[in-house]
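This structure is in structure tokens; I'll ask about it shortly.
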Amino acid sequence: MSDKRTAEESLQDTTKKVHIEQPSNDSKPVHDHDHFAKGVTPIKKEFLVSTDKQVVYADEESSLDRLNGSEKPQAKKSKKKRGQNKDRDLKQTKEAVKLCPSLVDPETPKECRFGADACRFTHNIEEYLNSKPQDVQGVCPVFAAIGYCPNGLKCRWLSSHYKSGKLIKDEILCDKVSKVDYEVNHISQNAKTDLSRKKFQFDTADKMILFLDSKVQVHDKTKQELQKENANNYVEPPFKVSEKKKLNVKNAKIVSPLTTVGNLPYRRLMKTLGADITYSEMALSLPLIQGTNSEWALPKAHSSEYPGFGVQIATSKHWTGAKAAEAIAKLTPQVSEINLNCGCPIDLLYRQGQGSALMEQPPKLLRVLKGMNYCSGEIPVTFKLRIGTRDNHPLAENLVKRVCEEGDIGCVTLHGRTRQQRYTKEADWSYISKVGQVVRDYNHNQLDDKEQSDRDPIYFVGNGDCFTHEDWHKAVSDPNIDSVMVARGALIKPWIFEEINSEQYIDKSATERLALLEQYSKFALQHWGSDDYGVNTARRFMCEFMSFTHRYVPVGIMERLPPKLNQRPPTWKGRNELETLLGSPDYRDWIKITEMFLGPTTEGFSFTPKHRSNSYKS
């Protein structure tokens, strides 16, 4: 794809591509199968595409082929690989000529610590500018939002804020925005270096780890004596559960922790759409205490997220959980809770004893929670789990009862499926309510206990298949459930909390939905940067986001309500060309949509969608 094509030209090609002729009255039946069948989204007949038979395409599929029902050769079926990220090319190539960071802003150049001759980046500004791809037309979204562009000469919209050899800066806008629009939970490079070199002081965790070690059953007499000594050195935690930050969970609008797609720009978008509580992507505790850059990027949050921002971690050992909790408490104070993941079904984590594997080892889980609670300072600890690991073998009820009595936690979140189910079948809300009753009974007993009456109640949150305002209100009407955590429903339909607040379906127009994608692109550029690498990263995650949003079927074209999360639609067309485009399952159409806001793709951008062997490379 040429990098000189404008977004307008791409949109013109796209609209031509998805143009549909109205089916004639003598057209053949829309589909051989019943569109009211179980698992099929019921769509009004006038919006179904007339085809002789339902076509299942192999790997490649364009909007035009999808809509006119043309046949394509079928690929041979291969054995399905477990997991969705097998053989995905997620790396983005970098610039051929790189500008030294000391010269990004020529007005205030910094001293290069290597010197111009020894530096591996170029110090020739003219050479760098000549090597850049053609600037994207229009005003830099980052400059328009905050009054200056931190990427300086590397910006893809450089011509909009670089005049007469000088970078432009709007001082008034900068001062205004800096007070309300900023990111929090940055940690210094020195702190990460101390972690990686094992020089970080884990004063609290080191004491607690010795005590927890004493609780591990051993048979060696020498170790048993050491355990007794360690147990005698135990002291009360600096903060009791009742003294920690207050959780505000009752009837809160909660966005679930979401790997890959639950990034900062997405969470920031959800805050503008009514979310009360957001969570980071799951961070692994061991890389955190090793000071890994990529892992410490996950607890970063936008200022609008706090209070109400939680960091989710995964661990299999009490010592890594305790140290990770202390590091988070010390280095990222603008965190409302630390959530332990006990429900992730991924095979890699399960084999390592993390995620849902902790459910099978209650003593270890309790040690992890105690260690985290002791070391997290004033930040409360919560945990999220599933019904169990295997079908027909529920573990959550007894486990939650034990954790409430011994774990010192502030909130329990239960996903109504087992690990074996992953995301198939419907969530079991009757079992969720049953476990909620366990938490409710515990809270009631605490009120009767004078010694425990000062502590806050343990909140209980349900999770699974919440896709409409009816689902949410039905769940919270249950006295055993304090709130609902929304995951895929908030990805496919980001305005779900607007529907919950208004208690009605909102038939968003295609223009309104496109505006949400535009807003996401602006947040993405502010977070990842407006240089070539930042734009490619923003484009890749925007495509990941659209891999969910395209699954939304407008309520205005549905035959009946409510829609179901696990329903799949037959081939359909929208009420206009843009609506059809937004519903396209073709990842090449997603890339065209990104070009409306991020400019044409440049050499080096690649994207491999889930469940496809082919990838896009410009």
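If residue 463 meets every condition in (1) open to solvent by less than 30 Å² (accessible area, probe 1.4 Å); (2) at pLDDT below 95 apart from one, which number is that one?
(2)
What are the pairs, 6+ residues apart or on separate chains, where a residue within segment 184-211 that is part of a loop (DSSP other than H, G, I, E, B) has its Cβ under 7 Å from a residue that is open to solvent by 40 Å² or more (accessible area, probe 1.4 Å)?
185/300; 185/334; 186/300; 200/194; 202/323
Here's the yes/no breakdown for (1) free of Cβ contacts under 8 Å to residues at least 40 places away in the same chain; (2) more than 19 Å from residue 396 (Cβ to Cβ); (3) in the same structural domain as residue 269 (by TED's automatic domain parsing):
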site	(1), (2), (3)
438	no, no, yes
444	yes, yes, yes
448	yes, yes, yes
456	no, yes, yes
465	no, no, yes
469	yes, yes, yes
475	no, no, yes
481	no, no, yes
497	no, yes, no
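Every residue, every condition in (1) in the same structural domain as residue 582 (by TED's automatic domain parsing); (2) closer than 15 Å to residue 607 by Cα; (3) in contact with a strand residue (DSSP E or B) (Cβ under 9 Å, 6 or more places away or on another chain); (4) among the β-branched types (Val, Ile, Thr), yes or no:
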position: 528; (1), (2), (3), (4): yes, no, no, no
position: 533; (1), (2), (3), (4): yes, yes, no, no
position: 542; (1), (2), (3), (4): yes, yes, no, no
position: 545; (1), (2), (3), (4): yes, yes, no, no
position: 550; (1), (2), (3), (4): yes, no, no, no
position: 555; (1), (2), (3), (4): yes, no, no, yes
position: 563; (1), (2), (3), (4): yes, no, no, no
position: 567; (1), (2), (3), (4): yes, no, yes, no
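Restricting to segment 329-345, name every residue that is within 14 Å of residue 315 (Cβ to Cβ) and among the aliphatic types (A, V, I, L, M).
338, 340 - these are the residues of segment 329-345 that are within 14 Å of residue 315 (Cβ to Cβ) and among the aliphatic types (A, V, I, L, M).
Is it true that some residue in segment 493-504 is more than 30 Å from residue 147 (Cα to Cα) and under 15 Å from the mean Cα position of the chain (by Cα)?
For segment 493-504, residues more than 30 Å from residue 147 (Cα to Cα) and under 15 Å from the mean Cα position of the chain (by Cα): present.
Moving on to the next point. Quick check on segment 117-136: of everything there that is at pLDDT below 90 and under 26 Å from residue 519 (Cβ atoms), which residue is surrounded by the fewest Cβ atoms within 10 Å (Cβ to Cβ)?
Of everything passing the filter in segment 117-136, 134 is surrounded by the fewest Cβ atoms within 10 Å (Cβ to Cβ).
Given the condition among the acidic types (Asp, Glu) and open to solvent by 20 Å² or more (accessible area, probe 1.4 Å), answer yes or no: does some residue in segment 323-330 qualify?
no
Listed residues 398, 445; which is of a type in the set (S, T, N, Q) and in contact with a helix residue (DSSP H, G or I) (Cβ under 9 Å, 6 or more places away or on another chain)?
398
Yes or no, residue by residue, for (1) open to solvent by 20 Å² or more (accessible area, probe 1.4 Å); (2) part of a helix (DSSP H, G or I); (3) more than 23 Å from residue 281 (Cα to Cα):
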| site | (1), (2), (3) |
| --- | --- |
| 478 | yes, no, yes |
| 481 | no, no, yes |
| 485 | no, no, no |
| 498 | yes, yes, yes |
| 505 | yes, no, yes |
| 508 | yes, no, yes |
| 519 | yes, yes, no |
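Residues in segment 421-436 that are among the polar types (S, T, N, Q) and open to solvent by 60 Å² or more (accessible area, probe 1.4 Å): how many?
Looking only at that region, the number is 2.
Scan segment 309-318 and give yes if some residue there is surrounded by fewer than 24 Cβ atoms within 10 Å (Cβ to Cβ), assigned by TED's automatic domain parsing to the domain that holds residue 253 and part of a helix (DSSP H, G or I), otherwise no.
no
Being on the phi > 0 side of the Ramachandran plot and in contact (Cβ under 8 Å) with a residue 40 or more places away in the chain is the filter here, so list the residues in segment 139-167 that pass it.
152, 165
With 303, 256 as the choices, which residue is closer than 25 Å to residue 534 by Cβ and not hydrophobic (A, V, I, L, M, F, W, C)?
After applying the criteria, what remains is 303.
Where residues in segment 149-170 are under 28 Å from the mean Cα position of the chain (by Cα) and either outside any helix (DSSP H, G or I) or among the hydrophobic types (A, V, I, L, M, F, W, C) (or both), which of them is surrounded by the most Cβ atoms within 10 Å (Cβ to Cβ)?
149
The values are calculated or read from the model by the stated rules, or taken from the named source; none is laboratory data. This is a predicted model, so every value here is computed, not measured. Every residue, glycine as well, gets a Cβ built from its backbone with ideal geometry; the counts of neighbours run over all protein chains shown. Just so you know, the surface numbers come from the protein's heavy atoms only, side chains and all, with ligands and any DNA or RNA stripped out. Shrake-Rupley method; radii C 1.70, N 1.55, O 1.52, S 1.80 Å.
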